Amino acid sequence: MFIEVKNLTHVYMPGTPFQVNALTDVSLDIERGEFIGVIGETGSGKSTLVQHLNGLLKPTSGEIWIEGNNLWSSKTDLRRLRSRIALLFQYPEHQLFEETVFKDVAFGPRNMGVEGRELEERVRYGLEWVELDYHTYSQRSPFSLSGGEKRRVAMAGILSMYPEAIILDEPTASMDPVSRKHFLARIKRLHQEGKVTVIFVTHNMEDIALLAERLFVFASGRLVLQGQPAEIFQSKETLEAIGLGIPVLTDLMQKICRKGKTIRTDIFSVEDACREIIRSRREGVG
Amino acid sequence: MRSLTLGHYLPGNSLLHRMDPRVKLVSLLVLIIALFVIETFLGFMLFGSFIFMIFLSTRLPWRYFFRGLRPVFLIVLITLILHFLFTKGGQVYVRWGPLTVEEAGIYLGSFMTLRLVLLVTTTVMITLTTSPIAFADGIEYLLRPFRRMGVPGHEIAMMMTIALRFIPTLMEEGDKIRKAQMARGADFETGNIFRRARNLVPLLVPLFVSAFRRADELAVAMEARCYRGGQGRTRLRELQARPLDYYGLTTVTAILVFIILTGV
Ligand SMILES: Nc1ncnc2c1ncn2[C@@H]1O[C@H](COP(=O)(O)OP(=O)(O)OP(=O)(O)O)[C@@H](O)[C@H]1O
Ligand SMILES: [Mg+2]
């Protein structure tokens, strides 16, 4: 087992009037190479959860195990762990600080002790992955970039650590539709070709339905549903009750199905949906 | 974030919470004067029990009270030690090589310590029960008579309000940036002092950038709403003194007068 969360509870500012129970008794596990979706409405504890997975937050109670080792036992090298399980925060453009894009992207690997040729290679890889031209951008100041470019530099700064697992906290928030689609496609490739474990936090069902192999659904700090997207979307009422919905396509397929047609409901792309609807109509006629 | 208790507001609904901020500020001033007028331990005891009763009525947790005292603990301790060792006079109690602890030292040391502790306690109690916004409003009002002398009361209050408003925001932001850099392997915890200072760069640069950005946005937003200082400006919540406030003010004034007249 790659990552195991056991009875995790997290309380912010305990013992004050501002106390928040952000997570309550959450247990889950994640296998190496999985593509995990974490969904839940605003304030449901998603960001709190993912910050536990690489030791940025310490559990109030409960345990995190990485490859069979307790994360908060004294032998864990947290800094090394954080380069293996990388976390890209919500609005990462605010973390840039160096004089040049190169130096900023190199910050992570340099902290791991990477120098010289290898460092340059990693920065190049990171920038190429986010489709920023190395020659044009590497010597520019990160503060002179547009918001979208800054965000890409931040992503490059994470990828240059060559992580085994990557946690993305609402990476597509405030992206335009084209960049979003593009970004999702690249993440998918990173997962399939790079064999990187991906943990994708979002409250956008459409994003996650196409990509994730398994979903964890959170509401008010509790893990309320888990399973494959198709299974999860069967519980439309539960999802709506906790402020989420199901993808438009799934809703459509489920409605057709309820009309008595034989049609698959585990379809998440427009192309597949078209094909399935046409197939089902033909069958109905024939 | 948790260490900022001196001046940290705790919402509540006690008498003290509901009092007018102007009255609270003036009362605080009167009480501080009273503290410096007191000349006997009996006076401190009376004063202390008054503060203690008010504190009970606010139903604030004791923890906060002690936490508020923590920053001044060292000062109090040093005062005590200095007086014990260096104020001479009266009977000698302890002799230890060249050092002696004498009667006057113990007397003055305890006296000063009591005064300091009560001073901080009273102030902490007022700040814990007054929202920063109310505080700024109160100060603006109280500074009004000095406007003719060129004291920009409104501007001072506005600056205070804005600063107070952004302290938690900046702390939150600092916390987020710290975590984001730690996720990239930054190390804020080890190394000698120079190394640590240098390691703060990844934290401070984004924090300053964001503070300036926020300041800029705020300035634009204020200008867009035609803000141009205090002149002719009305307010959403008018400060209004109620009977409770007059009772409070009368009580503290009575205490001051009592102390002066009886000389306790
Ligand atoms: N640093 C903090 N201090 C105090 N409370 C916090 C802190 N961070 C989060 N919280 C609170 O904990 C709860 C869970 O927050 P969290 O950020 O994990 O939610 P989220 O699911 O990521 O929400 P969003 O979709 O808005 O990002 C919220 O009620 C939030 O107000
Ligand atoms: Mg979040």
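No lab work stands behind these numbers, since they all come straight from the coordinates. Keep in mind it's a predicted model, so treat the numbers as computed, not measured. Note that we place each Cβ from the backbone using ideal geometry, even for glycine, and neighbour counts take in every protein chain shown.
Remarks
- Diffusion constant of the range B:1-76 at 4 °C, which comes from Stokes-Einstein with the Kirkwood Cα-pair radius and 1.567 mPa s, µm²/s: 92 µm²/s
- Mean projected area (nm²) of the alpha-carbon convex hull when chain B is viewed from all directions: 21.0 nm²
- The Stokes-Einstein estimate for the range A:1-71, based on a Kirkwood radius over Cα pairs and taken at 37 °C with 0.692 mPa s viscosity, is a diffusion coefficient of 258 µm²/s.
- Temperature 4 °C, viscosity 1.567 mPa s: under these conditions the Stokes-Einstein estimate for the range A:84-209, based on its Kirkwood radius over C-alpha pairs, is 89 µm² per second.
- Rounded FRET efficiency, nearest 0.05, which uses the C-beta distance separating A:Gln228 from B:Tyr9 and R0 of 41 Å: 0.25
- Where N is the number of residues in the range B:148-224, Cα Rg divided by 2.2 N^0.38 Å: 1.49
- Net charge contributed by nearby residues that have their C-beta within less than 15 Å of B:Pro206 (K/R +1, D/E -1): +2
- Taking amide H as placed 1.01 Å from N in the peptide plane, the amide H of A:Asp25 sits under 5 Å from that of A:Thr9, A:His10, each at least 5 places away or on another chain.
- Each distinct pair of alpha carbons in the range B:87-161 adds a 1/r term; the inverse of their mean, the Kirkwood radius, is 16.1 Å.
- Around A:Leu249: net Lys/Arg minus Asp/Glu count, Cβ-Cβ under 14 Å: -3
- In order along the range B:195-212, the Karplus-derived 3J(HN,Hα) couplings, from 6.51 cos²θ - 1.76 cosθ + 1.60 at θ = phi - 60°, round to 4, 4, 4, 5, 5, 7, 3, x, 8, 6, 4, x, 5, 5, 4, 6, 5, 5 Hz, and Gly and Pro are given as x.
- Two-site FRET efficiency, B:Cys226 against A:Arg140, from Cβ-Cβ distance with R₀ of 45 Å, rounded to 0.05: 0.70
- Taken as Cα centroids, the range B:221-264 and the range A:143-220 sit 53 Å apart, rounded to the nearest whole angstrom.
- When the alpha carbon gyration tensor of the range A:136-235 is reduced to an equivalent ellipsoid, the three semi-axes, largest first, read 28, 15, 13 Å.
- Vicinal HN-Hα couplings computed from phi for the range B:227-232 (Karplus, 6.51 cos²θ - 1.76 cosθ + 1.60; Hz; Gly/Pro x): 5, 9, x, x, 5, x
- Debye log10 I(q)/I(0) at q = 0.11, 0.13, 0.15, 0.16 Å⁻¹ for chain A, Cα point scatterers: -0.71, -0.95, -1.18, -1.28
- Normalised Debye scattering of the range B:172-264 at q = 0.11 Å⁻¹ gives log10 I(q)/I(0) of -0.72, counting only Cα atoms as equal scatterers and leaving out solvent.
- Label-point gap, in nm, between B:Leu200 and A:Lys6 - each point 7 angstrom along Cα→Cβ: 4.0 nm
- Applying 1/(1 + (r/R0)^6) with r as the Cβ-Cβ distance of A:Val178 and A:Tyr125 and R0 = 22 angstrom yields a FRET efficiency of 0.40.
- J(HN,Hα) series, the range A:123-128, from Karplus relation 6.51 cos²θ - 1.76 cosθ + 1.60, nearest Hz, glycine and proline x: 5, 4, 4, x, 5, 5
- Other residues lying with their Cβ under 15 Å from the Cβ of B:Phe41 contribute a combined charge of -1, Lys and Arg counting +1, Asp and Glu -1.
- Counting DSSP beta bridges with both ends in the protein assembly as shown, the antiparallel % (nearest 5): 55 percent
- For q = 0.19, 0.23 Å⁻¹, Debye-computed log10 I/I(0) when each Cα of the range A:168-286 counts as one equal scatterer: -1.11, -1.36
- Cα radius of gyration and Dmax for the protein assembly as shown (Å): 31.0, 116
- Globularity ratio of the range A:13-129, using Cα Rg and 2.2 N^0.38 Å: 1.27
- Label sites at A:Ser269 and A:Lys255, each approximated as a point 7 angstrom past Cα along Cα to Cβ, lie 2.4 nm apart.
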